[in-house]
Amino acid sequence: MSIFEYNGSALVAMVGKNCFAIASDRRLGVQLQTIATDFQRISKIHDKLFIGLSGLATDAQTLYQRLVFRHKLYQLREERDMKPETFASLVSAILYEKRFGPYFCQPVIAGLGDEDKPFICTMDSIGAKELAKDFVVAGTASESLYGACESMFKPDMEPEELFETISQALLSSVDRDCLSGWGGHVYVVTPIEVKERILKGRMD
Amino acid sequence: MECVFGLVGNGFAIVVADSSAVHSILVHKSNEDKIMLLDSHKLIAASGEPGDRVQFTEYIQKNVALYQFRNGIPLTTAAAANFTRGELATALRKNPYTVNILLAGYDKEAGPELYYIDYIATLHKLEKGAFGYGSYFSLSMMDRHYHSGMSLEEAIGLVDKCIMEIRSRLVVAPPNFVIKIVDKDGAREYAWRESVKDTPVPSA
C-alpha cells in the first residue's frame with residue numbers, strides 16, 4: 001500500500017458565483033482499520049482562505065502547523081491577510097524545500113482573492129501547482145471525484161446549489177472508495193459568511 | 001501482541017494495557033507496567049518497541065515535570081499531547097520512535113480527555129481508542145457497548161468485556177492487564193486483571 005493511502009482521504013473544492021466550496025471526508029484510518037470518524041482535514045487560514053490536506057495525516061498536521069506559523073508571521077509583518085495566490089505559492093515553496101524527502105500530502109487550497117474572486121488550486125506532494133477554474137480534487141478517492149465533478153459541475157452556481165453539487169459529488173465518490181468516507185464536511189464561503197455543514201452519508 | 005485501549009467516561013478516563021514483556025517467543029515477565037503517570041492528572045499508556053517505549057515516555061514525563069517547575073503550573077492534557085506529537089514528529093525523519101501512545105488526562109476546564117498518538121505522530125482526540133492486535137476486538141466491543149458519559153461501573157464492565165474478548169479470541173493473548181484511571185482526584189492505578197501470577201522470587 002502506498003504511503004499516500006495509509007490514512008485515506010478525499011478532498012474537493014469547487015468555484016461558484018462569487019463563492020467557493022471546499023469539502024472533505026471524515027475518516028481517519030490506519031490502512032484497513034478505521035480509527036476515527038470525525039477527523040478534520042480542512043483548516044481555516046483566515047476568513048477567506050481554507051486549505052485541505054490529503055494524504056498522510058501526520059504530515060498534514062505538521063504542514064498545517066508550519067503554514068499557520070508562516071501566515072501569522074506574514075500577518076505581523078504586512079498587517080494584512082495573505083492572498084490565496086500568494087499562499088498557494090508559499091505552500092508550493094515549502095513542499096519543494098523537501099524535494100528529496102517530501103511531505104506525503106496533497107493540499108487543496110481555496111480562497112477569495114482580490115475583489116472576492118474565487119481561487120482554487122491543488123498541488124502534488126512536491127509543490128507542482130495545478131490552477132483550475134472549476135474544481136480540484138485530491139485524496140484516495142480522487143479518480144472517482146474527477147468523474148463525479150466533471151459530470152455534476154456547472155459554472156456560476158449560487159452558494160446553495162454549489163453546496164448541493166459538491167456534497168453529491170463527494171458522497172458518491174467516497175462510496176466507491178473503501179479508505180475514505182464516514183460522512184462529509186463542507187464549507188461554503190461567500191464574501192459575507194462561511195457556512196460549515198456536516199454531511200451524513202453511508203457510514204461504512 | 002501488545003494490547004492497549006482506553007475510553008472516556010463521565011468525569012474520568014480509563015486506560016488499560018497488557019502487562020507482558022515479550023522477547024520473540026519468550027515472556028520475560030507478565031507484570032510489566034506499561035502505563036506511566038505523566039503527572040498528577042495524566043496517564044500515558046504506550047505500546048511498541050520496549051526500549052523506545054520506556055525511553056520516550058520517560059523523556060516526555062521529565063519534560064512535562066520541567067515545564068511545571070519552570071512555569072509553576074502544569075500543562076493541560078491537550079498541551080502535553082501536542083508536545084508528545086511534536087517530539088515524535090521531529091524524530092520521525094531522523095530517528096523514529098516506534099511507540100504508540102494513548103494519553104489520558106483530566107483538566108478542570110476541559111474535563112477528561114483521551115488522545116491517540118500514532119508512532120508516526122498522528123494526533124487525534126478520541127472518546128475510545130486502541131492499539132495493537134487487541135484493537136480489532138476491543139474497538140468492536142467498545143463500538144457496540146460504549147456511550148458518552150458512562151459511569152465508572154459501566155466503564156469497568158465494558159473494559160472487562162474487552163479483556164474477555166481479547167483473552168478468548170486473540171491467538172497469543174496476553175494473560176494479565178493493568179487498568180488505570182484519571183479523574184478530578186488524580187491519576188492512579190485502579191486494578192489488575194491477572195490470570196497468570198508470576199511466582200515470587202524466594203529471598204536469599
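Overview of values
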read-out: Matching residues in region B:45-87 - criterion: being of a type in the set (Val, Ile, Thr), buried (at least 22 other Cβ atoms within 10 Å of the Cβ), in contact with a helix residue (DSSP H, G or I) (Cβ under 8 Å, 6 or more places away or on another chain) and away from chain A (no Cβ under 14 Å); value: B:60
read-out: Of all residues making up region A:144-169, the number that are open to solvent by 40 Å² or more (accessible area, probe 1.4 Å) and under 15 Å from the mean Cα position of the chain (by Cα); value: 1
read-out: Tally, over region B:116-135, of residues that are assigned to a strand (DSSP E or B) and farther than 19 Å from residue B:62 by Cα; value: 9
read-out: Residues that are more than 14 Å from chain B (Cβ to nearest Cβ), charged (D, E, K, R) and in a helix (DSSP H, G or I), drawn from region A:57-103; value: A:70, A:72, A:77, A:78, A:85
read-out: Count of region B:88-112 residues which are closer than 20 Å to residue B:179 by Cβ and either within 14 Å of another protein chain (Cβ to nearest Cβ) or out of contact with any strand residue (DSSP E or B) (no Cβ under 9 Å at 6 or more places or on another chain) (or both); value: 3
read-out: Of all residues in region B:99-120 being among the aliphatic types (A, V, I, L, M) and surrounded by fewer than 24 Cβ atoms within 10 Å (Cβ to Cβ), the one that is nearest to the chain's Cα centre (by Cα); value: B:120
read-out: Residues of region B:134-161 that turn out to be out of contact with any helix residue (DSSP H, G or I) (no Cβ under 7 Å at 6 or more places or on another chain) and surrounded by fewer than 18 Cβ atoms within 10 Å (Cβ to Cβ), as a count; value: 13
read-out: Residue list for region B:162-204, filter: in a strand (DSSP E or B), open to solvent by 70 Å² or more (accessible area, probe 1.4 Å) and either within 14 Å of residue B:138 (Cβ to Cβ) or not aromatic (Phe, Trp, Tyr) (or both); value: B:188, B:189
read-out: Cβ-Cβ under 8 Å pairs, at least 6 apart or on other chains, region B:114-142 side under 14 Å from residue B:3 (Cα atoms) and at the interface with chain A (Cβ under 10 Å from one of its Cβ atoms), far side open to solvent by less than 20 Å² (accessible area, probe 1.4 Å) and among the charged types (D, E, K, R); value: none
read-out: Region B:99-113, residues that are of a type outside the set (Lys, Arg) and in contact (Cβ under 8 Å) with a residue 60 or more places away in the chain; value: B:100, B:102, B:103, B:104, B:105, B:106, B:107, B:111, B:112, B:113
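Residues checked against (1) over 20 Å from residue B:130 (Cβ atoms); (2) at pLDDT below 95:
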{"position": "B:158", "(1), (2)": "no, no"}
{"position": "B:175", "(1), (2)": "no, yes"}
{"position": "B:178", "(1), (2)": "no, no"}
{"position": "B:185", "(1), (2)": "yes, no"}
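The values are calculated or read from the model by the stated rules, or taken from the named source; none is laboratory data. Keep in mind it's a predicted model, so treat the numbers as computed, not measured. Cβ coordinates were reconstructed from backbone atoms using ideal geometry, including for glycine residues, and neighbour counts include every protein chain displayed. Note: accessible area is taken over every heavy atom of the protein model, side chains too, but ligands, DNA and RNA are not part of it. Shrake-Rupley method; radii C 1.70, N 1.55, O 1.52, S 1.80 Å.
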